[in-house]
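None of the figures in this text is laboratory data; all of them are computed from the coordinates on show. Just so we're clear, the structure is a prediction, and the values are computed from it rather than from any experiment. Quick reminder, even Gly has a Cβ in these numbers, built from the backbone with ideal geometry, and neighbours come from all protein chains shown.
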Amino acid sequence: MSREPYLLPNGRVLRYTFRERLVHWSAGASYVYLLLTGLAFWSPWLYWIAVVLGGPTISRELHAWFGLVFSVAVGLMYDMWAGQMKETPADKAWWAAIKHYIRNEDEQVPSADRFNPGQKLLFWGFFWNGGLLLISGLILWFPQFIPWNVRALRLAAVLVHPICALFTIALFIIHVYMGTAMERGAFGSVIRGDVSRAWADTHHHTWYQQLLRNSTARK
Amino acid sequence: MSQASTEIVRISGHAGTVPGAGINREFQVCKLVDTTTCIGCKACEVACLEWNGYPFTATSFANSYQTMPETAWNYWNLIKFNEHERPDGTMMLLMRKDQCMHCEDPGCLAACPAEAAIVQYANGIVDFQEAHCIGCGYCMTGCPFNIPKFSPARKVFKCTLCNDRVSQGLEPACIKACPTGCLHFGTKSEMKELAETRAKQLRDYSGFPDAGVYDPAGVGGTHVIYVLHDAKNTEAYGGLPEDPHIPWSVQLWKKPLKWIGNFGMIAGVVGVFVHYLRFGPKVVKEDGTQPSPGVSK
């Protein structure tokens, strides 16, 4: 199995390799669990979620362990994608045209590489907020080992943890909406891995053209 | 509590005023600790363990009379000893019985996410219901007095102000055991009055011009109050905070952040839905007639 995307023979393009999809869904599944149990402890109105998921005590305990799973998944994503998520000079023009992207006037949007600048924002947003969530989460997990004279750490953690979580929720809402409803074909790409050539050329023109050049170079 | 059930509000088929109407009974209870008459005998520590059924645990020795550094999940009542040097060079042994202060505005309760795990009764007692505790430890962060502690099963425990005894009209176990009478129990107003009288006595006749009562306003007052020889140096009494309050980070988290976050999450979900209604999906024309983005430029 290839470690890199490539052109498939049947007029399709492999967008996400098996490894990428597996890591994405490890992060996705653990994040959804963290979101649901986290919301249960965020508001008394949502405490019932923890009851439904097996009881509040088990939800509190598993929330921490799933946080570790999520952190590992984000770490693997960093390993796979950090290079491709680097900001490039072309990104500025893309952000300048964000209004057209939102209004589906895609012909007026600069062409995107494998990941467009919006996807890069999602990645780095989850990476940095995930890091802060991990650090503050460890403090919240073991408050008994934080001495009283450095309890500022605990006081910071109870504020940092929900703030970072809210930032990821904002990203998550947009990500799920775009991946399922807005960008037709995107959800299939992260399940089965492939997209049509027209899809690749429309949404990630620069990337697709590079794939074409690579494939002719190989021949 | 037990008193509450005796006050009559209405009587069926009764002509005229309700007997006792207009009488304000005070239900707020209070423990008064007079540190100036405490001899550090630790009878209160033992009485607390006895009544609550905890075994006497291992103690630590650090060149002091103090049993252990701080209260524990199964050791709710601890006298804090401090060999305090006064400005004139003389030594004074300060002894303060440390336990849950039963705040009127409890930080533990504000921080707790678990339904019914912390209850504040009308008489002022703040009590933990361990069966509902989920072991998150947020109460430990919300408390300005470092009182709630995890048990090995990761449930938090602390002084109940002998809620079980008080609800039956008895005074707390520690009060019962005190041989010097430095511990008192009664209504909040009575204890406050007694404490102020004692503080005035210390100021007027005993050479403690800064003697005063510790009933911190930052947490809305407490249901355990102290008489101190020097109310201007509370920290000397085993780290008694001068101006305790619910930590500002806990207040920010539980008030503005919660409402900003709730608004943001709802606005986000509504926002993407409205976007879909207005602009719909990005559909790729598979016949190759779709113009590529940016190519026209």
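Quick notes on this one:
- Within the stretch B:31-70: backbone nitrogen closer than 13 Å to the B:THR180 label point (7 Å, Cα to C-beta): B:33-44
- Spin-label model distance (nm) - A:ARG19 vs A:SER215, 7 Å beyond Cα toward Cβ: 2.2 nm
- Lys/Arg +1, Asp/Glu -1 at C-beta; chain A dipole; positive extreme among A:TYR6, A:HIS203, A:THR168: A:TYR6
- Gyration tensor (Cα) of the stretch B:44-168, equivalent ellipsoid semi-axes in angstrom: 28, 17, 15
- Counting neighbouring Cβ atoms within 10 Å and putting the fewest first, the residues A:ARG12, B:ARG10 line up as B:ARG10, A:ARG12.
- Working from label points 7 Å from Cα in the Cα-to-Cβ sense, the A:GLU107 to B:ILE260 distance is 4.3 nm.
- If a spin label sat at a point 7 angstrom from the Cα of B:GLU242 along the line to its beta carbon, the backbone N atoms of the stretch B:195-225 nearer than 18 Å would be those of B:209-219.
- Here the gap between B:ASP210 and B:GLU286, fully extended at 0.36 nm per residue and compared with their Cα-Cα distance, gives a gain of 18.8 nm.
- Segment B:PHE273..B:GLU193, full-extension length gain: 22.6 nm, with 0.36 nm per residue of separation and the alpha-carbon distance subtracted.
- 28 Å Cα-Cα reach of B:LYS200 towards lysines, excluding residues that sit fewer than 8 places from it in its own chain: B:LYS31, B:LYS42, B:LYS80, B:LYS97, B:LYS176, B:LYS188, B:LYS192, B:LYS232
- Computed over the alpha carbons of the protein assembly as shown, Rg followed by Dmax gives 31.7, 106 Å.
- P(r) of chain B over all Cα-Cα pairs, binned every 5 Å from zero, in whole percent: 1, 5, 9, 12, 14, 13, 10, 7, 6, 4, 3, 3, 2, 2, 2, 2, 2, 1, 0, 0, 0
- Helical contribution to [θ] at 222 nm, DSSP H n ≥ 4, -39,500 (n - 2.57), averaged over chain B, rounded to 500: -7000 deg cm²/dmol
- Semi-axes of the equivalent ellipsoid of the stretch B:94-238 are 29, 17, 13 Å, computed as sqrt(5λ) over the eigenvalues of the C-alpha gyration tensor in descending order.
- Under a Gaussian network description of chain B, with springs only between Cα atoms under 10 Å, the residue in B:PRO152, B:PRO19, B:PRO241 that fluctuates furthest is B:PRO19.
- A simple spin-label model places the labels of A:LYS99 and B:ASN74 6.9 nm from each other, with each point 7 Å out along Cα-to-Cβ.
- Its Cα gyration tensor gives the stretch A:1-129 an equivalent ellipsoid, and the semi-axes of that ellipsoid, as √(5λ) in whole Å with the largest first, are 34, 20, 14.
- Across the stretch A:175-185, rounded Karplus estimates of 3J(HN,Hα) from the backbone phi angles (6.51 cos²θ - 1.76 cosθ + 1.60, θ = phi - 60°) give 4, 5, 4, 5, x, 10, 9, 7, 9, 4, x Hz, Gly and Pro being marked x.
- Summary of the geometry: the stretch A:151-208 and the stretch A:26-77, compared by the centres of their Cα atoms, lie 18 Å apart.
- Simple Cβ-charge dipole of chain B, Lys/Arg +1 and Asp/Glu -1, about Cα centre, in debye nearest 20: 1020 debye
- Ratio of Rg to Rh over the stretch A:46-188 (Cα coordinates, Kirkwood Rh, two decimals): 1.06
- For the stretch B:162-193 versus the stretch B:14-76, the gap between their alpha-carbon centres in whole angstrom: 7 Å
- Neighbourhood net charge (11 Å Cβ-Cβ; Lys/Arg +1, Asp/Glu -1) for B:GLY135: +1
- Rg/Rh (Cα only; Kirkwood hydrodynamic radius) as it applies to the stretch A:150-219: 1.30
- Gaussian network model of chain B, Cα within-10 Å springs - most flexible of B:MET95, B:MET265, B:MET140: B:MET265
- Mean residue ellipticity, 222 nm, helices only, chain A: the sum of -39500 (n - 2.57) across DSSP H runs of n ≥ 4, divided by residue count and rounded to 500, is -21500 deg cm²/dmol.
- A simple charge model with +1 on the Cβ of Lys and Arg, -1 on the Cβ of Asp and Glu and nothing else charged puts the dipole of the protein assembly as shown at about 2100 debye relative to its Cα centre.
- Average projection area in nm² (convex hull over Cα atoms of the stretch A:20-73, one quarter of hull surface): 3.4 nm²
- Length gained on full extension, B:GLU83 to B:THR17: 17.8 nm, using 0.36 nm per residue less the C-alpha separation.
- Low-density loop positions, chymotrypsin sites (Phe, Trp or Tyr not before Pro), the stretch B:36-118 - DSSP coil, at most 16 other Cβ in 10 Å: B:PHE56, B:PHE61, B:TYR65
- Placing +1 on the Cβ of every Lys and Arg and -1 on the Cβ of every Asp and Glu, with nothing else charged, gives the stretch A:75-189 a dipole about its Cα centre of roughly 400 debye.
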